[in-house]
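The values are calculated or read from the model by the stated rules, or taken from the named source; none is laboratory data. In this text, all values refer to a predicted model and were calculated from it rather than measured experimentally. Glycine also receives a Cβ, built like all others from the backbone with ideal geometry; neighbour counts cover every protein chain displayed. What goes into the accessible areas is simple: the full protein's heavy atoms, side chains included, and nothing from ligands, DNA or RNA. Shrake-Rupley method; radii C 1.70, N 1.55, O 1.52, S 1.80 Å.
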Amino acid sequence: QLLSSGQRQLLLCETLTETVYGDRGQLIKSKERKVFLLNDMLVCANINFKGQLEISSLVPLGPKYVVKWSTALPQVQVVEVGQESGAYDKDNVVIHNAGAKKHAPAGQSSHNKVYLGPPRLFQELQDLQKDLAVVEQITLLISTLHGTYQNLNMTVAQDWCLALQRMMKVKEEEIHSANKCRLRLLLPGKPDKSGRPISVMVVFITPNPLSKISWVNRLHLAKIGLREENQPGWLCPDEDKKSKSPFWCPILSCHMPAFSKALDLQLGAAVHNPVQSSLLGFSAISTSLPQGYLWVGGGQEGAGGQVEIFSLNRAVPRTVKSFPVASPVLCMEYIPEAGQGEPVGTQNPQPTTDQPPASPHPTVCLGLRDGSIAVYGSVDTGTQCLLTCKSPGLQPVLCLKHNPEFLFAGLQDGTVAAYPRSNGGLWDPAEQPTLLAVGTGPVRALLTLDETLWASCANQVTVLDATSLHPQQTFEAHPDAEASVTHMIKAGSGVWMAFSSGSSIRLFHTETLEHLQEINIATRTTFVLPGQKHVRVTSLLICQGSLWVGTDQGIIVLLPVPRLEGIPKITGKGMVSLNGHSGPVEFLAVALSTLAPDVLKGDQEEEEEGEEEKPTELDGPPPREMRKKGILLQYRLRSTSHLPGQLLSVREAPVGGTPAHTEEDGSIYEMADDPDVWVRSRPCARDAPRKEISSVAIISGGRGYRNFNAESPRRGGDADSTLLLWQVPLML
């Protein structure tokens with residue numbers, strides 16, 4: 001009945017194992033539950049298999065699920081191990097472990113801070129710590145022996161200590177890995193007799209780390225989806241003006257000032273510089289924006305420019321750096337280092353390895369109104385300005401694009417400047433760029449395809465060879481000579497274009513240059529602002545099967561684009577965002593990062609340590625069919641036969657020298673079948689084949705924030721430049 005209202009949507013449903021622990025951390029019981037995440041509620045149900053099984057379908061005939069509890073989403077908190085202190089107020093909350101008869105008094109809750117994971121593993125870790133202390137004492141005693149014994153000496157004793165330390169590390173890794181599958185939820189319980197609120201901690205074990213990431217991410221976004229601005233967030237013209245449930249659309253995560261200082265600045269451009277952060281916790285990754293930094297640039301007409309850099313390694317962006325530049329920023333281009341998606345210098349492979357690397361660290365290039373191109377290092381390297389060069393004739397730099405050989409700049413006077421890469425991977429500021437004449441008007445848009453460069457001037461587009469820089473052909477993109485091409489974006493085998501006048505966007509084939517489709521955006525925006533027919537497209541973006549279109553009215557339209565590499569003709573009517581800007585949408589940018597495989601790995605140094613710590617003295621023994629019970633306490637030693645002294649054993653030493661490896665070779669040893677057993681521990685769920693997880697956010701920039709919902713016509717500070725940020729669920 002929870003779904004029958006029609007207003008609710010099922011977002012996620014999975015069988016999880018609920019575990020209940022006693023006050024000493026011992027496992028009391030575990031039971032499989034079916035957990036349902038609805039758009040406003042979390043429901044846990046008992047799985048009821050009563051009734052006869054029908055052999056043909058293997059589906060229980062009786063009732064399958066009985067609701068155990070349900071909680072409104074805003075009251076559900078995910079509590080990560082080690083984050084307890086900030087998640088709730090311990091003084092006012094008594095934590096029950098759901099299902100456990102007793103609970104610890106509030107005063108004892110501080111011991112939670114050292115609680116690392118499943119109690120059994122934690123207990124085993126403590127046992128190893130105690131055993132190490134004992135073995136260290138034994139080592140001190142062995143150092144006092146008078147005789148020399150092959151298998152009882154300081155080398156062997158130190159090997160025991162190293163082995164125990166390795167086992168402790170393995171155990172910590174197992175705890176870390178098990179936590180990746182532990183979903184700990186804090187739910188409101190019934191108040192106690194004194195009226196004090198009691199929270200109940202429910203612990204679920206997920207089938208694998210991916211499942212845990214998915215639950216934390218969906219819970220986080222579903223809560224954001226309940227905010228007023230997302231109720232509803234989108235309008236679907238093809239559903240009789242019905243608003244669409246927010247979760248399967250991009251969710252407006254936040255809106256905020258684009259510049260930290262109260263400066264009246266015009267926005268120019270934004271790019272995302274993806275940076276993987278190994279310091280982020282497992283759950284933080286599930287709720288944070290795409291990792292890295294968002295660079296936002298702008299300025300004031302006739303004055304200087306400003307760059308603001310936001311960290312996205314959290315749920316809400318935070319300013320990390322802000323600095324002025326000589327002139328307003330008109331465009332930006334992010335250039336990854338080689339191997340991050342593009343090879344550098346593929347035409348001329350370097351003959352030797354002593355030469356400087358073909359690519360610098362990732363860089364961000366800014367095109368300024370005064371004709372400067374400034375190249376900055378990423379935030380991780382201190383955002384220093386690596387070089388500045390001037391465009392020929394100090395022409396304003398309207399657009400920037402790069403390929404492995406060149407940085408292309410579209411200039412105000414109708415030329416494209418091509419800066420060749422130098423040996424160090426950057427551009428030589430002393431070397432004059434190659435100038436390509438495209439037309440007489442400004443070059444407002446550039447697009448790099450596989451082997452060509454498209455450059456627009458007025459209503460014409462010129463296609464140039466990206467290596468030789470020779471023009472191949474020019475075609476007319478719009479019949480109206482006044483309609484200059486302002487944006488070009490690739491989609492499959494097509495290129496979508498927007499223009500300086502008119503409300504249409506047009507699609508052209510990348511090879512035949514044939515005009516394939518025209519879409520009038522005004523037919524969509526009138527659903528939000530009726531009667532406004534004069535609409536101009538001010539920004540374009542393609543991301544994960546959707547074409548985002550920003551307009552001069554501040555309205556953003558989303559159109560579905562076929563994901564296949566064929567002709568990307570748009571067939572659906574799309575959606576209109578009810579959240580937008582008070583003025584034109586100056587830019588649309590995408591932030592994209594991938595989380596796997598490092599996120600799902602138990603230990604980043606796994607491989608290196610595997611190589612490093614493999615013993616070099618002797619080869620290991622051949623594998624044996626049967627293994628004795630017990631633990632082989634060895635780390636680097638494969639045998640003691642090479643150590644000086646007599647063998648301490650009740651059995652006599654073999655005649656004719658010592659054989660390579662026998663069971664008598666130290667009666668305390670059981671030979672290891674796999675020397676990596678101490679490096680990689682036993683396999684666990686994380687070793688399953690890993691998929692790539694994509695985290696995506698869309699950022700729009702413009703004057704002010706506006707909600708177009710007719711029921712709540714709210715306007716934000718109209719004058720200030722504002723960023724709007726949408727998130728979509730992690731692509732798992």
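Over 27 Å apart at the Cα level, from the set K223/K401; K29/K68; K169/K212; K401/K573; K171/K212; K190/K223, are K223/K401; K401/K573. Over 21 Å between C-alpha atoms is what I'm after, so list which of K490/K569; K261/K390; K64/K180 land there. Listed pairs above 21 Å: K261/K390; K64/K180. Using R0 = 45 Å, the C-beta based FRET efficiency linking I28 and M256 works out to 0.45.
Placing unit charges on the Cβ atoms only, positive for Lys and Arg and negative for Asp and Glu, gives the range 447-594 a dipole magnitude near 640 debye about its Cα centre.
Which FRET efficiency, nearest 0.05, do Q77 and M731 yield, Cβ-Cβ r, R0 22 Å? For Q77 and M731, the calculated efficiency is 0.30.
In this structure E337 has an accessible area near 60 Å², from a 1.4 Å probe over the protein heavy atoms.
For the ranges 474-485, 500-511, 549-560, 125-136, what's the packing order if you count other beta-carbon atoms within 10 Å of each residue, average per peptide, and put the highest first?
Highest mean packing first, the order is 549-560, 500-511, 474-485, 125-136.
Would you mind calculating the gained length between T440 and D465 on full extension (0.36 nm times residue separation, minus the Cα-Cα distance), in nm to one decimal?
7.0 nm
Using amide H atoms built in the peptide plane, which far-off residues or other-chain residues are under 5 Å from R314 H to H? Answer set, sorted by chain and number: L289.
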